[in-house]
Amino acid sequence: MEKYERPVMGVALVFCVVMLVIGWASVAMAGFAAGLIATAVLGTLAVGAGVWGWRQDSAYWVGAGALGAGLLLPTVAGIVPMIVGFIIFILLITLRLFLNS
């Protein structure tokens, strides 16, 4: 099962970067409203946690980054990024828990 963990972490990292770009583009389209900037900064910190987790080879941090990016970065896609981030988070965490048991 370890051969699946790294590719899923890669998918999570790509999701984080895509959400980062879309989120900040949405903030710019909205005219840099204060509330959106605050959530986008928190989402950027979550993406940073995901990148740090990739460098440390920690599925927990990468999953948390994907979840944070999906929840915190504002987009016009509604709830879909939140659901996708949650699914990636659950996949990574359950895979890691399965490997540790």
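The values are calculated or read from the model by the stated rules, or taken from the named source; none is laboratory data. This one's a predicted model, so the numbers in the text were calculated from it and none came from an experiment. Side chains included, ligands, DNA and RNA excluded: accessible areas come from the protein's heavy atoms. Shrake-Rupley method; radii C 1.70, N 1.55, O 1.52, S 1.80 Å.
Odds and ends about this structure:
- Solvent-accessible surface of segment 8-88, taken per residue with a 1.4 Å probe and all protein chains present: 51 Å².
- Within the accessible area of the chain (1.4 Å probe), percent carbon and sulfur: 77 percent
- Over the residues of the chain, the helix contribution to mean residue ellipticity at 222 nm works out to -29500 deg cm²/dmol, using -39500 (n - 2.57) for each DSSP H run of at least 4.
- Angle between the chain longest axis and helix 2-29 axis [Cα atoms, degrees, rounded to 10]: 0 degrees
- Between helix 59-72 and the chain there is an angle of about 20 degrees, using the helix long axis and the longest principal axis of the Cα atoms.
- Cα centroid separation, segment 61-75 to segment 1-26: 9 Å.
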